[in-house]
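What follows is a set of notes on a single structure, which appears directly below.
Taken together, the values in this text are just the output of simple stated rules run on the coordinates, not laboratory data. On a predicted model such as this, the values are computed, not experimentally measured, just so you know. Because the Cβ atoms are built from the backbone with ideal geometry, glycine has one as well, and the counts that use them run over all protein chains shown.
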Amino acid sequence: MKTERVRFAPSPTGWLHVGGARTALFNWLYAKKHDGKMVLRIEDTDQKRSREKYTEGIREDLKWLGLNWDEYYRQSDRLEIYERYARRLVHEDKAYHCFCTEEELEERRQKALDDGSTPIYDGRCRDLSEEQKQEYREEGRDSVIRFKLPEQQPSVVVPDRIKGEIEFESLTTGDFVILKSDGTPSYNFACVLDDHLMEISFVMRAEDHLTNTAKQLLLYDALEFDQPEFGHLSMLLGPDKSKLSKRSGATSVKEFRENGYLPEALINHLSQLGWSSKDQQEIFSVSELTEKFSLENIIDSPQVFNREKLDWYNNQYLKQAELDRLVELALPYLRQGNYIEGELSEGEREELAEILRLIRPSLDQLEDLLEHDDLNIFYGPLELTEKAEDVLNWETTSNVLNGLYERFTTRESLAPEDVSSIVKEVKEDNDIGYKEVYKPLRAAVTGKVSGPEIKEVISILGPDITGERIEKALKNS
Ligand code: GLU
């Protein structure tokens with residue numbers, strides 16, 4: 001049985017986009033599912049736009065997402081290969097040197113546009129004589145190598161494993177450049193050579209590459225290479241149903257990472273953008289995805305990248321996360337938010353774990369921890385809201401708080417059940433309802449009338465701090 005080989009081939013001209021991450025994920029799942037290999041190929045031949053920091057960033061983001069690769073290549077290390085094949089095509093009269101200058105091309109392009117026609121290269125350097133070429137060289141003109149499109153341009157059929165066959169009756173492309181004057185290859189040329197030389201069996205990428213695929217098929221023919229299989233994924237859209245762009249908010253994996261999303265939440269959301277298990281299941285671990293992923297269940301319609309849905313996923317995963325991990329993840333935000341300074345003692349770390357366990361149902365992103373009302377309960381500053389002040393002025397409140405104070409402060413520690421039984425005693429002593437006890441207690445301890453489970457809050461704060469706060473509230477009530 002042949003080994004399935006897939007690839008993710010980003011251009012390092014920006015940080016890893018969530019659309020790219022989705023392509024990487026689907027390829028990775030396909031490789032895992034088929035016991036195949038995943039190739040990461042950095043397409044960095046556009047020297048003007050490629051940046052080393054983006055190559056590093058893409059690698060880091062993929063690792064963070066857990067999308068590891070079996071083989072790694074950079075096209076900039078392979079320039080000789082592309083040049084060799086370009087020369088081979090020239091030698092076989094399937095490509096030619098073109099000496100037209102940028103200015104000349106631009107002038108002709110503009111003219112075509114003015115005439116209302118599609119600007120395509122007119123093929124004027126196709127059949128230059130050796131003397132003409134020599135003359136151009138002596139003039140100091142640079143040359144590019146263009147692919148000679150077949151005279152009778154055939155219609156091109158892209159066999160797509162996701163969309164079915166897609167036919168391009170005529171490609172509105174002239175003889176396109178395969179090697180630029182600086183010796184670097186064009187995307188389509190390098191891509192075909194690499195997919196062939198790296199023995200890629202299945203090329204899965206977004207559908208904005210469909211016309212590229214059609215062009216690439218012509219190159220496969222000219223180079224006499226077997227074609228891999230192809231599959232094109234529908235595009236990711238922003239909430240306004242237009243192409244997902246900066247206008248729709250964060251679009252790079254880096255931003256989501258910095259905002260405090262967990263990789264498994266992003267993976268889970270991305271997995272549902274264009275693939276479905278068809279059984280309403282929404283939460284998938286990576287191993288479940290690997291097991292269930294199949295091309296048959298790919299959804300061939302545009303998908304909306306939905307920030308609210310991502311928040312929902314993240315909240316689900318934050319609620320399940322191991323507390324030790326949560327502490328580690330939360331600390332940078334808590335430090336930045338000035339809740340915590342310096343290193344934590346073992347006890348403080350345990351306390352923080354309890355605090356996070358308590359407040360995590362309200363977290364969508366870890367960045368919410370930069371400023372969070374519930375954290376103020378533990379780290380200050382505590383402010384009394386008007387509603388809380390009203391509660392503290394209830395007629396029954398001072399008796400209640402006195403009763404609570406006496407009982408709490410004689411304890412060494414307060415487990416949530418201790419708080420419940422003390423509240424019950426005070427309620428019975430005063431012959432009032434639970435509300436009349438819990439509300440003032442919460443108002444005194446947290447300064448608010450709503451928030452996280454008060455028994456848990458008190459259990460974390462302990463008898464001393466709880467006592468101090470009740471005493472303070474009694475003075476003010
Ligand atoms: N470098 C291309 C891109 O980032 C790769 C497309 C492909 O997968 O062939 O869009």
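Brief remarks on what is shown
- A helix-only calculation puts the chain at -15000 deg cm²/dmol for mean residue ellipticity at 222 nm, using -39500 (n - 2.57) for each DSSP H run of at least four residues, averaged over all residues.
- The range 365-382 - phi-based ³J(HN,Hα) in whole Hz, Karplus 6.51/-1.76/1.60, Gly and Pro as x: 9, 5, 4, 4, 7, 5, 8, 9, 3, 5, 6, 4, 4, 9, 10, x, x, 9
- Dimensions in Å of the range 262-362 - Rg and Dmax from alpha carbons: 17.3, 53
- Look at the Cα gyration tensor of the range 385-477: its axes a ≥ b ≥ c give a/c under 1.5, and that counts as rounded.
- Using only Cα coordinates, the Kirkwood hydrodynamic radius of the range 199-242 works out to 11.8 Å.
- Other residues lying with their Cβ under 15 Å from the Cβ of ASN315 contribute a combined charge of -3, Lys and Arg counting +1, Asp and Glu -1.
- Taking other residues whose beta carbon is less than 12 angstrom from the beta carbon of ILE200, and scoring Lys, Arg as +1 and Asp, Glu as -1, yields -1.
- Counting DSSP beta bridges with both ends in the range 1-155, the antiparallel % (nearest 5): 35
- Across the options PRO452, SER420, PRO463, the greatest Cα extent toward the positive end of the charge dipole of the range 418-472 (unit charges at beta carbon of Lys, Arg, Asp, Glu) belongs to PRO452.
- Rg over Rh, two decimals, the chain (C-alpha only, Kirkwood Rh): 1.18
- For the chain, averaging the sequence separation of C-alpha pairs within contact (under 8 Å, six or more residues apart) and dividing by the residue count gives a relative contact order of 12 percent.
- For LYS180, the shell of other residues with beta-carbons less than 10 Å away shows a net charge of -3, using +1 for Lys and Arg and -1 for Asp and Glu.
- Here, the range 282-438 is characterised by an Rg to Rh ratio of 1.12, where Rg is the alpha-carbon radius of gyration and Rh the Kirkwood radius.
- At an R0 of 30 angstrom, the distance between the Cβ atoms of GLN153 and GLU60 translates into a FRET efficiency of 0.10.
- A protection proxy built from the mean count of other Cβ atoms within 10 Å ranks the segments 442-450, 341-349, most packed first, as 442-450, 341-349.
- Cβ crowding within 10 Å ranks THR23, THR101, THR410 as THR410, THR101, THR23, fewest other Cβ atoms first.
- Working ranking of peptides 369-375, 354-360 by packing, defined as the average number of other Cβ atoms within 10 Å per residue, highest first, is 354-360, 369-375.
- Rounded if a/c under 1.5, otherwise prolate or oblate - the range 332-383, Cα gyration tensor axes: rounded
- Over 22 Å (Cα to Cα) - which of LYS33/LYS215; LYS163/LYS278; LYS94/LYS215; LYS319/LYS435; LYS94/LYS180 fall in this group: LYS33/LYS215; LYS319/LYS435
- When the inverse distances between all different Cα atoms of the range 1-72 are averaged and flipped, the Kirkwood radius reads 12.4 angstrom.
- Shape parameters for the range 109-255, alpha-carbon atoms, Rg then Dmax in Å: 18.8, 59
- Taking each residue as 0.36 nm, the span from ASP431 to GLU138 lengthens on full extension beyond its C-alpha to C-alpha distance by 94.8 nm.
- Amide H to amide H distances under 5 Å link ILE178 with ILE145, ARG146, PHE147, where only residues 5 or more positions off or on other chains count and H is placed in the peptide plane.
- Over the range 211-315, the reciprocal of the mean inverse Cα-Cα separation, the Kirkwood hydrodynamic radius, stands at 15.9 Å.
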